[in-house]
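Below you'll find the structure, written out as C-alpha coordinates, and then a few comments.
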Amino acid sequence: MHRKFYNSEDLEVLLRLKRQEADALRDVLRSINMSQIKTRQIFKIAQNTLLAQIGVRKISFIYRDEEGLQYGMQRGLSPLGTDAELELPDNLRVLRIEPAVHASLHALGVQYVVPVNYRNEVNAWFLVADFADSEAETENDLIFIETIGNIISTALENRRLISEIVEQESIKRELEVAERIQQQLLPSDFSVVKEADIYACNFAHHKIGGDYFDVISRSQNGFFIIIADVAGKGIGAALLMANLQANLRALILSEDSLETLVRKLHTLLVKVTQGEKFVTFFIAHVRTDAQEIDFINAGHNAPVMLQNGKISELAAGTIPLGIVDLPYVTEEAISYQPGDAMFLYTDGLVEQLDTSAQMLGEKRVYDRLLTSRAYSAKDIVEDMHEFYLDFSHKAIQEDDLTLMAVRF
(Lines give C-alpha, C1' and ligand atoms only; values in the text may rest on other atoms or scores of the structure.)
Protein backbone atom coordinates (compact mmCIF):
# COMPACT_ATOMS: atom_id res chain seq x y z
CA MET A 1 0.00 0.00 0.00
CA HIS A 2 1.06 3.57 -0.49
CA ARG A 3 -0.50 5.50 2.40
CA LYS A 4 0.64 9.17 2.48
CA PHE A 5 3.07 8.64 -0.41
CA TYR A 6 1.23 11.29 -2.41
CA ASN A 7 2.06 13.92 0.19
CA SER A 8 5.74 13.35 -0.60
CA GLU A 9 7.68 15.71 -2.83
CA ASP A 10 10.34 13.09 -3.39
CA LEU A 11 10.27 12.39 -7.16
CA GLU A 12 11.92 9.01 -6.67
CA VAL A 13 9.15 7.95 -4.27
CA LEU A 14 6.43 9.16 -6.64
CA LEU A 15 8.10 7.44 -9.61
CA ARG A 16 8.35 4.18 -7.66
CA LEU A 17 4.65 4.45 -6.83
CA LYS A 18 3.72 4.98 -10.47
CA ARG A 19 5.82 1.98 -11.48
CA GLN A 20 4.10 -0.07 -8.81
CA GLU A 21 0.69 0.92 -10.18
CA ALA A 22 1.77 0.19 -13.76
CA ASP A 23 3.02 -3.24 -12.70
CA ALA A 24 -0.26 -3.92 -10.89
CA LEU A 25 -2.30 -2.97 -13.96
CA ARG A 26 -0.08 -5.08 -16.20
CA ASP A 27 -0.58 -8.09 -13.92
CA VAL A 28 -4.34 -7.53 -13.89
CA LEU A 29 -4.47 -7.36 -17.68
CA ARG A 30 -2.31 -10.46 -18.05
CA SER A 31 -4.46 -12.44 -15.62
CA ILE A 32 -7.80 -11.28 -16.99
CA ASN A 33 -6.85 -11.84 -20.64
CA MET A 34 -6.41 -15.55 -20.02
CA SER A 35 -9.09 -17.00 -22.33
CA GLN A 36 -10.19 -19.72 -19.90
CA ILE A 37 -10.74 -17.42 -16.93
CA LYS A 38 -14.29 -17.21 -15.63
CA THR A 39 -16.26 -14.05 -14.87
CA ARG A 40 -16.13 -14.49 -11.11
CA GLN A 41 -12.34 -14.83 -11.34
CA ILE A 42 -12.16 -11.51 -13.17
CA PHE A 43 -13.78 -9.80 -10.21
CA LYS A 44 -11.63 -11.71 -7.72
CA ILE A 45 -8.43 -10.57 -9.43
CA ALA A 46 -9.67 -6.97 -9.64
CA GLN A 47 -10.72 -6.92 -5.98
CA ASN A 48 -7.42 -8.37 -4.76
CA THR A 49 -5.54 -5.80 -6.83
CA LEU A 50 -7.52 -2.93 -5.31
CA LEU A 51 -6.99 -4.29 -1.81
CA ALA A 52 -3.26 -4.71 -2.32
CA GLN A 53 -2.65 -1.48 -4.22
CA ILE A 54 -4.82 1.13 -2.53
CA GLY A 55 -6.10 -0.68 0.56
CA VAL A 56 -9.76 0.04 -0.19
CA ARG A 57 -11.91 -1.26 2.66
CA LYS A 58 -15.41 -0.75 1.28
CA ILE A 59 -16.15 -1.38 -2.36
CA SER A 60 -18.84 -2.66 -4.72
CA PHE A 61 -18.77 -3.15 -8.47
CA ILE A 62 -22.23 -3.10 -10.02
CA TYR A 63 -23.09 -3.56 -13.68
CA ARG A 64 -26.34 -3.72 -15.60
CA ASP A 65 -27.09 -6.48 -18.11
CA GLU A 66 -30.24 -7.95 -19.66
CA GLU A 67 -31.34 -9.32 -16.28
CA GLY A 68 -30.88 -6.06 -14.34
CA LEU A 69 -28.23 -4.95 -11.84
CA GLN A 70 -25.52 -7.49 -11.05
CA TYR A 71 -22.93 -7.38 -8.26
CA GLY A 72 -19.47 -8.35 -9.47
CA MET A 73 -17.81 -7.58 -6.15
CA GLN A 74 -19.09 -6.45 -2.78
CA ARG A 75 -17.06 -5.74 0.33
CA GLY A 76 -18.21 -3.69 3.29
CA LEU A 77 -21.19 -2.11 1.52
CA SER A 78 -24.82 -3.26 1.52
CA PRO A 79 -26.80 -3.93 -1.70
CA LEU A 80 -28.55 -0.94 -3.25
CA GLY A 81 -32.20 -0.26 -2.74
CA THR A 82 -34.41 1.25 -5.43
CA ASP A 83 -33.81 4.81 -4.23
CA ALA A 84 -30.05 4.30 -4.22
CA GLU A 85 -30.15 2.89 -7.75
CA LEU A 86 -31.85 6.06 -8.94
CA GLU A 87 -28.97 8.11 -7.52
CA LEU A 88 -26.34 6.35 -9.66
CA PRO A 89 -24.88 8.80 -12.22
CA ASP A 90 -25.57 8.36 -15.94
CA ASN A 91 -22.43 10.18 -17.06
CA LEU A 92 -18.73 9.36 -16.73
CA ARG A 93 -17.89 12.00 -14.12
CA VAL A 94 -16.81 10.69 -10.71
CA LEU A 95 -19.56 11.44 -8.21
CA ARG A 96 -18.67 12.62 -4.73
CA ILE A 97 -21.53 11.69 -2.42
CA GLU A 98 -23.20 14.65 -0.72
CA PRO A 99 -25.55 13.73 2.16
CA ALA A 100 -28.14 16.33 1.18
CA VAL A 101 -28.18 15.29 -2.49
CA HIS A 102 -27.49 11.55 -2.41
CA ALA A 103 -29.21 10.54 0.81
CA SER A 104 -29.70 6.85 -0.06
CA LEU A 105 -26.12 6.26 -1.18
CA HIS A 106 -24.83 8.21 1.80
CA ALA A 107 -26.91 6.07 4.15
CA LEU A 108 -25.12 3.01 2.77
CA GLY A 109 -21.76 4.57 3.60
CA VAL A 110 -20.71 5.29 0.01
CA GLN A 111 -18.23 8.14 -0.40
CA TYR A 112 -17.60 8.07 -4.17
CA VAL A 113 -19.22 6.53 -7.24
CA VAL A 114 -16.92 5.89 -10.20
CA PRO A 115 -18.99 5.38 -13.37
CA VAL A 116 -17.69 2.90 -15.95
CA ASN A 117 -18.43 2.70 -19.68
CA TYR A 118 -19.93 -0.75 -20.30
CA ARG A 119 -21.40 -1.69 -23.69
CA ASN A 120 -20.98 1.90 -24.89
CA GLU A 121 -23.08 3.34 -22.06
CA VAL A 122 -22.73 4.10 -18.37
CA ASN A 123 -23.89 0.66 -17.28
CA ALA A 124 -21.39 -0.07 -14.49
CA TRP A 125 -20.26 1.67 -11.31
CA PHE A 126 -17.64 1.34 -8.60
CA LEU A 127 -18.96 2.37 -5.18
CA VAL A 128 -16.10 3.03 -2.77
CA ALA A 129 -15.40 4.27 0.76
CA ASP A 130 -12.54 4.21 3.30
CA PHE A 131 -9.67 4.09 0.84
CA ALA A 132 -7.45 7.18 1.09
CA ASP A 133 -5.88 9.40 3.75
CA SER A 134 -5.41 12.61 1.74
CA GLU A 135 -6.84 14.56 -1.16
CA ALA A 136 -3.83 13.65 -3.30
CA GLU A 137 -4.25 9.94 -2.59
CA THR A 138 -8.00 10.17 -3.17
CA GLU A 139 -7.55 11.74 -6.59
CA ASN A 140 -4.97 9.19 -7.68
CA ASP A 141 -6.87 6.22 -6.24
CA LEU A 142 -10.05 7.21 -8.05
CA ILE A 143 -8.11 7.27 -11.33
CA PHE A 144 -6.72 3.81 -10.52
CA ILE A 145 -10.21 2.52 -9.64
CA GLU A 146 -11.60 3.95 -12.90
CA THR A 147 -8.83 2.22 -14.86
CA ILE A 148 -9.59 -1.11 -13.18
CA GLY A 149 -13.27 -0.55 -13.99
CA ASN A 150 -12.47 -0.06 -17.67
CA ILE A 151 -10.38 -3.24 -17.67
CA ILE A 152 -13.26 -5.19 -16.09
CA SER A 153 -15.75 -3.71 -18.58
CA THR A 154 -13.59 -4.71 -21.55
CA ALA A 155 -13.06 -8.20 -20.13
CA LEU A 156 -16.79 -8.72 -19.55
CA GLU A 157 -17.62 -7.56 -23.06
CA ASN A 158 -14.93 -9.79 -24.56
CA ARG A 159 -16.31 -12.80 -22.72
CA ARG A 160 -19.81 -11.97 -23.86
CA LEU A 161 -18.65 -11.74 -27.47
CA ILE A 162 -16.64 -14.96 -27.17
CA SER A 163 -19.69 -16.68 -25.66
CA GLU A 164 -21.85 -15.43 -28.53
CA ILE A 165 -19.32 -16.64 -31.10
CA VAL A 166 -19.13 -20.07 -29.46
CA GLU A 167 -22.92 -20.25 -29.31
CA GLN A 168 -23.24 -19.17 -32.94
CA GLU A 169 -20.67 -21.74 -34.02
CA SER A 170 -22.54 -24.41 -32.08
CA ILE A 171 -25.85 -23.39 -33.67
CA LYS A 172 -24.16 -23.29 -37.08
CA ARG A 173 -22.88 -26.86 -36.65
CA GLU A 174 -26.30 -28.04 -35.47
CA LEU A 175 -27.96 -26.37 -38.47
CA GLU A 176 -25.47 -28.02 -40.81
CA VAL A 177 -26.31 -31.42 -39.32
CA ALA A 178 -30.04 -30.64 -39.54
CA GLU A 179 -29.59 -29.52 -43.13
CA ARG A 180 -27.92 -32.79 -44.08
CA ILE A 181 -30.63 -34.79 -42.32
CA GLN A 182 -33.40 -32.84 -44.03
CA GLN A 183 -31.81 -33.23 -47.45
CA GLN A 184 -31.62 -36.97 -46.80
CA LEU A 185 -35.35 -36.98 -46.08
CA LEU A 186 -36.04 -35.48 -49.51
CA PRO A 187 -35.70 -37.90 -52.43
CA SER A 188 -32.73 -37.46 -54.74
CA ASP A 189 -32.97 -40.73 -56.68
CA PHE A 190 -36.07 -40.69 -58.86
CA SER A 191 -35.25 -43.89 -60.74
CA VAL A 192 -37.76 -45.73 -58.51
CA VAL A 193 -40.37 -44.55 -61.05
CA LYS A 194 -39.80 -46.12 -64.46
CA GLU A 195 -42.88 -44.68 -66.17
CA ALA A 196 -41.81 -41.01 -66.02
CA ASP A 197 -38.80 -38.72 -65.99
CA ILE A 198 -38.77 -36.87 -62.64
CA TYR A 199 -36.46 -34.29 -61.13
CA ALA A 200 -36.66 -31.87 -58.19
CA CYS A 201 -34.46 -29.57 -56.14
CA ASN A 202 -34.86 -27.63 -52.91
CA PHE A 203 -33.17 -24.42 -51.75
CA ALA A 204 -33.87 -23.64 -48.08
CA HIS A 205 -33.94 -20.01 -46.98
CA HIS A 206 -32.24 -20.72 -43.61
CA LYS A 207 -30.33 -23.92 -44.43
CA ILE A 208 -33.38 -25.88 -43.30
CA GLY A 209 -36.98 -25.08 -44.08
CA GLY A 210 -40.53 -26.19 -44.46
CA ASP A 211 -40.71 -27.14 -48.14
CA TYR A 212 -41.35 -30.80 -48.88
CA PHE A 213 -41.58 -32.91 -52.00
CA ASP A 214 -41.75 -36.62 -52.52
CA VAL A 215 -42.15 -39.37 -55.10
CA ILE A 216 -43.64 -42.63 -53.90
CA SER A 217 -44.09 -45.68 -56.11
CA ARG A 218 -47.10 -48.00 -55.83
CA SER A 219 -45.73 -50.53 -58.34
CA GLN A 220 -48.59 -51.67 -60.60
CA ASN A 221 -50.78 -48.86 -59.23
CA GLY A 222 -48.52 -46.11 -60.56
CA PHE A 223 -46.89 -43.52 -58.34
CA PHE A 224 -47.58 -40.46 -56.19
CA ILE A 225 -46.21 -36.95 -56.63
CA ILE A 226 -46.32 -34.70 -53.57
CA ILE A 227 -45.28 -31.12 -52.87
CA ALA A 228 -46.01 -29.14 -49.72
CA ASP A 229 -45.05 -25.96 -47.91
CA VAL A 230 -45.18 -25.64 -44.13
CA ALA A 231 -45.95 -22.08 -42.96
CA GLY A 232 -42.87 -20.44 -41.50
CA LYS A 233 -39.15 -21.09 -41.83
CA GLY A 234 -36.35 -22.66 -39.88
CA ILE A 235 -36.28 -25.51 -37.40
CA GLY A 236 -39.97 -25.41 -36.44
CA ALA A 237 -41.07 -25.68 -40.05
CA ALA A 238 -38.51 -28.43 -40.70
CA LEU A 239 -39.78 -30.51 -37.77
CA LEU A 240 -43.37 -30.21 -38.97
CA MET A 241 -42.23 -31.12 -42.47
CA ALA A 242 -40.60 -34.31 -41.15
CA ASN A 243 -43.79 -35.15 -39.25
CA LEU A 244 -45.82 -34.58 -42.42
CA GLN A 245 -43.57 -36.87 -44.43
CA ALA A 246 -43.72 -39.71 -41.89
CA ASN A 247 -47.52 -39.58 -41.60
CA LEU A 248 -48.03 -39.26 -45.34
CA ARG A 249 -45.89 -42.26 -46.23
CA ALA A 250 -47.77 -44.37 -43.69
CA LEU A 251 -51.13 -43.26 -45.08
CA ILE A 252 -50.17 -43.90 -48.70
CA LEU A 253 -49.40 -47.51 -47.84
CA SER A 254 -52.78 -47.99 -46.16
CA GLU A 255 -55.24 -45.77 -48.04
CA ASP A 256 -56.53 -46.10 -51.60
CA SER A 257 -58.75 -43.02 -51.52
CA LEU A 258 -57.03 -39.64 -51.94
CA GLU A 259 -59.86 -37.87 -50.16
CA THR A 260 -59.61 -40.16 -47.12
CA LEU A 261 -55.85 -39.78 -47.11
CA VAL A 262 -56.04 -35.97 -47.13
CA ARG A 263 -58.67 -35.86 -44.38
CA LYS A 264 -56.66 -38.20 -42.13
CA LEU A 265 -53.47 -36.27 -42.80
CA HIS A 266 -55.26 -33.04 -41.85
CA THR A 267 -56.47 -34.59 -38.56
CA LEU A 268 -52.95 -35.74 -37.69
CA LEU A 269 -51.50 -32.30 -38.45
CA VAL A 270 -54.10 -30.53 -36.30
CA LYS A 271 -53.04 -32.68 -33.33
CA VAL A 272 -49.46 -31.49 -33.83
CA THR A 273 -50.07 -27.83 -34.73
CA GLN A 274 -53.09 -27.19 -32.49
CA GLY A 275 -54.36 -25.02 -35.32
CA GLU A 276 -51.42 -22.60 -35.03
CA LYS A 277 -49.63 -23.58 -38.26
CA PHE A 278 -50.88 -24.63 -41.64
CA VAL A 279 -49.54 -26.61 -44.56
CA THR A 280 -50.27 -26.06 -48.23
CA PHE A 281 -50.26 -29.47 -49.84
CA PHE A 282 -50.65 -31.06 -53.26
CA ILE A 283 -50.85 -34.77 -53.99
CA ALA A 284 -51.28 -36.50 -57.33
CA HIS A 285 -51.77 -40.19 -57.95
CA VAL A 286 -50.46 -40.97 -61.42
CA ARG A 287 -52.28 -44.06 -62.69
CA THR A 288 -49.94 -45.17 -65.42
CA ASP A 289 -52.21 -47.97 -66.67
CA ALA A 290 -54.97 -45.47 -67.55
CA GLN A 291 -52.66 -42.50 -68.23
CA GLU A 292 -54.67 -40.43 -65.78
CA ILE A 293 -53.77 -38.29 -62.79
CA ASP A 294 -56.03 -38.02 -59.75
CA PHE A 295 -55.14 -35.01 -57.62
CA ILE A 296 -56.13 -32.87 -54.64
CA ASN A 297 -54.73 -29.42 -54.06
CA ALA A 298 -54.97 -28.19 -50.45
CA GLY A 299 -54.29 -24.50 -50.88
CA HIS A 300 -50.94 -24.95 -52.62
CA ASN A 301 -49.69 -22.94 -55.58
CA ALA A 302 -51.35 -24.72 -58.47
CA PRO A 303 -49.02 -27.12 -60.29
CA VAL A 304 -49.41 -26.89 -64.06
CA MET A 305 -49.73 -29.38 -66.90
CA LEU A 306 -48.00 -28.58 -70.18
CA GLN A 307 -49.93 -30.24 -72.99
CA ASN A 308 -49.74 -29.37 -76.67
CA GLY A 309 -48.27 -25.94 -76.02
CA LYS A 310 -50.93 -25.04 -73.46
CA ILE A 311 -50.96 -24.75 -69.69
CA SER A 312 -53.68 -25.91 -67.32
CA GLU A 313 -53.66 -25.40 -63.56
CA LEU A 314 -54.27 -28.24 -61.11
CA ALA A 315 -56.11 -26.16 -58.52
CA ALA A 316 -59.10 -28.18 -57.32
CA GLY A 317 -59.04 -29.58 -53.80
CA THR A 318 -59.57 -27.88 -50.47
CA ILE A 319 -58.16 -25.29 -48.04
CA PRO A 320 -54.69 -25.63 -46.44
CA LEU A 321 -54.29 -28.41 -43.89
CA GLY A 322 -53.76 -28.11 -40.16
CA ILE A 323 -55.95 -25.14 -39.21
CA VAL A 324 -59.73 -25.64 -39.17
CA ASP A 325 -62.00 -28.50 -40.17
CA LEU A 326 -61.96 -29.07 -43.91
CA PRO A 327 -65.31 -27.81 -45.27
CA TYR A 328 -64.95 -29.88 -48.44
CA VAL A 329 -62.40 -32.00 -50.30
CA THR A 330 -62.64 -32.10 -54.10
CA GLU A 331 -60.74 -34.70 -56.07
CA GLU A 332 -60.31 -34.25 -59.81
CA ALA A 333 -58.62 -36.14 -62.62
CA ILE A 334 -56.77 -35.19 -65.76
CA SER A 335 -55.48 -37.43 -68.54
CA TYR A 336 -52.01 -37.19 -70.04
CA GLN A 337 -50.13 -38.35 -73.11
CA PRO A 338 -46.47 -39.26 -73.58
CA GLY A 339 -44.50 -36.03 -73.87
CA ASP A 340 -46.77 -34.05 -71.54
CA ALA A 341 -45.14 -32.49 -68.47
CA MET A 342 -46.13 -31.37 -65.00
CA PHE A 343 -44.37 -28.52 -63.19
CA LEU A 344 -44.71 -28.05 -59.43
CA TYR A 345 -43.26 -25.37 -57.17
CA THR A 346 -43.57 -23.61 -53.83
CA ASP A 347 -44.44 -19.94 -53.38
CA GLY A 348 -40.79 -19.00 -53.00
CA LEU A 349 -40.67 -18.98 -56.79
CA VAL A 350 -43.58 -16.71 -57.74
CA GLU A 351 -43.26 -14.43 -54.67
CA GLN A 352 -39.57 -13.67 -55.20
CA LEU A 353 -38.83 -9.96 -55.65
CA ASP A 354 -36.25 -8.35 -57.90
CA THR A 355 -34.13 -5.36 -56.89
CA SER A 356 -37.02 -3.05 -57.86
CA ALA A 357 -39.44 -4.91 -55.55
CA GLN A 358 -41.30 -6.40 -58.52
CA MET A 359 -42.70 -9.88 -57.92
CA LEU A 360 -41.87 -12.72 -60.28
CA GLY A 361 -45.48 -13.91 -60.42
CA GLU A 362 -47.27 -16.79 -62.15
CA LYS A 363 -47.46 -15.12 -65.59
CA ARG A 364 -43.69 -14.89 -65.95
CA VAL A 365 -43.37 -18.51 -64.81
CA TYR A 366 -45.98 -19.71 -67.32
CA ASP A 367 -44.43 -17.69 -70.15
CA ARG A 368 -41.06 -19.20 -69.35
CA LEU A 369 -42.47 -22.73 -69.37
CA LEU A 370 -44.14 -22.18 -72.74
CA THR A 371 -41.10 -20.60 -74.40
CA SER A 372 -38.40 -22.79 -72.86
CA ARG A 373 -36.72 -25.40 -75.01
CA ALA A 374 -36.12 -27.61 -71.99
CA TYR A 375 -37.31 -31.15 -72.57
CA SER A 376 -36.22 -33.43 -69.72
CA ALA A 377 -37.52 -32.94 -66.20
CA LYS A 378 -34.05 -31.86 -65.07
CA ASP A 379 -33.86 -29.37 -67.93
CA ILE A 380 -37.18 -27.84 -66.90
CA VAL A 381 -36.12 -27.44 -63.26
CA GLU A 382 -32.67 -26.08 -64.04
CA ASP A 383 -34.03 -23.67 -66.65
CA MET A 384 -36.60 -22.33 -64.18
CA HIS A 385 -33.99 -21.97 -61.46
CA GLU A 386 -31.74 -20.04 -63.83
CA PHE A 387 -34.71 -17.83 -64.74
CA TYR A 388 -35.38 -17.28 -61.02
CA LEU A 389 -31.77 -16.26 -60.37
CA ASP A 390 -31.67 -13.92 -63.37
CA PHE A 391 -34.88 -12.25 -62.23
CA SER A 392 -33.90 -11.81 -58.59
CA HIS A 393 -30.34 -10.83 -59.56
CA LYS A 394 -28.79 -9.48 -56.34
CA ALA A 395 -32.01 -9.41 -54.33
CA ILE A 396 -32.05 -11.73 -51.31
CA GLN A 397 -33.90 -15.03 -51.43
CA GLU A 398 -37.24 -14.30 -49.75
CA ASP A 399 -38.37 -17.83 -48.94
CA ASP A 400 -37.69 -21.54 -49.25
CA LEU A 401 -37.76 -22.63 -52.89
CA THR A 402 -38.69 -26.01 -54.32
CA LEU A 403 -38.94 -26.81 -58.03
CA MET A 404 -40.17 -30.12 -59.40
CA ALA A 405 -40.94 -31.46 -62.88
CA VAL A 406 -42.39 -34.65 -64.30
CA ARG A 407 -42.11 -35.56 -67.99
CA PHE A 408 -44.43 -38.44 -68.90
Would a scan of region 315-322 turn up a residue that is farther than 25 Å from Tyr375 by Cβ, open to solvent by 50 Å² or more (accessible area, probe 1.4 Å) and in contact with an Asp or Glu (Cβ under 8 Å, 6 or more places away or on another chain)?
no
Checked against (1) farther than 15 Å from Thr147 by Cα; (2) modelled with pLDDT under 60; (3) open to solvent by 70 Å² or more (accessible area, probe 1.4 Å), Lys18 satisfies every condition except (1)
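Can you work out which of the residues in region 215-248 that are in a strand (DSSP E or B) and more than 20 Å from Glu276 (Cβ to Cβ) is most open to solvent (accessible area, probe 1.4 Å)? So that I can check it myself, show each step before the final result.
Step one: of region 215-248, the residues in a strand (DSSP E or B) are 215-217, 223-230.
Going one step further and asking which of them are more than 20 Å from Glu276 (Cβ to Cβ), we end up with 215-217, 223-227.
Details: Val215: 12, Ile216: 17, Ser217: 49, Phe223: 1, Phe224: 7, Ile225: 1, Ile226: 0, Ile227: 0 Å².
For region 215-248, the residue satisfying everything is Ser217.
Identify, please: which residue in region 352-365 is among the hydrophobic types (A, V, I, L, M, F, W, C) and part of a loop (DSSP other than H, G, I, E, B) and is, among those, least open to solvent (accessible area, probe 1.4 Å)?
Looking only at region 352-365, we keep the residues that are among the hydrophobic types (A, V, I, L, M, F, W, C), and these are 353, 357, 359-360, 365.
Okay, now just the ones that are also part of a loop (DSSP other than H, G, I, E, B), so 357, 360.
Details: Ala357: 70, Leu360: 3 Å².
If we take residues in region 352-365 being among the hydrophobic types (A, V, I, L, M, F, W, C) and part of a loop (DSSP other than H, G, I, E, B), then Leu360 is least open to solvent (accessible area, probe 1.4 Å).
Which is more than 19 Å from Ile227 (Cα to Cα), in contact (Cβ under 8 Å) with a residue 60 or more places away in the chain, surrounded by 16 or more Cβ atoms within 10 Å (Cβ to Cβ) and in contact with a strand residue (DSSP E or B) (Cβ under 8 Å, 6 or more places away or on another chain), of Tyr336, Tyr345?
Numbers: Tyr345 fails: more than 19 Å from Ile227 (Cα to Cα).
None of the others qualify; the one that does is Tyr336.
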Checking Thr138 against (1) among the hydroxyl-bearing types (Ser, Thr, Tyr); (2) over 27 Å from the mean Cα position of the chain (by Cα); (3) open to solvent by 70 Å² or more (accessible area, probe 1.4 Å), which test does it fail?
(3)
Based on this model, can you work out whether Thr330 counts as over 26 Å from Tyr375 (Cβ atoms), β-branched (Val, Ile, Thr) and open to solvent by less than 40 Å² (accessible area, probe 1.4 Å)?
no
Go through the residues of region 273-286 one by one and say whether even a single one is open to solvent by 20 Å² or more (accessible area, probe 1.4 Å), over 19 Å from Leu344 (Cα atoms), free of Cβ contacts under 8 Å to residues at least 24 places away in the same chain and in a helix (DSSP H, G or I).
no
Which listed residue, of Leu50, Leu95, is modelled with pLDDT under 90, open to solvent by less than 70 Å² (accessible area, probe 1.4 Å) and hydrophobic (A, V, I, L, M, F, W, C)
Leu50
Across region 366-383, which residue is nearest to Phe408 (Cα to Cα) among those that are part of a helix (DSSP H, G or I) and open to solvent by 80 Å² or more (accessible area, probe 1.4 Å)?
Lys378
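The values are calculated or read from the model by the stated rules, or taken from the named source; none is laboratory data. Remember, predicted model here, so these are calculated numbers, not experimental data. Ideal geometry is used to build each Cβ from the backbone, glycine not excepted, and the neighbour counts take in all protein chains shown. The accessibility values were calculated without ligands, DNA or RNA, using every heavy atom of the protein model including side chains. Shrake-Rupley method; radii C 1.70, N 1.55, O 1.52, S 1.80 Å.
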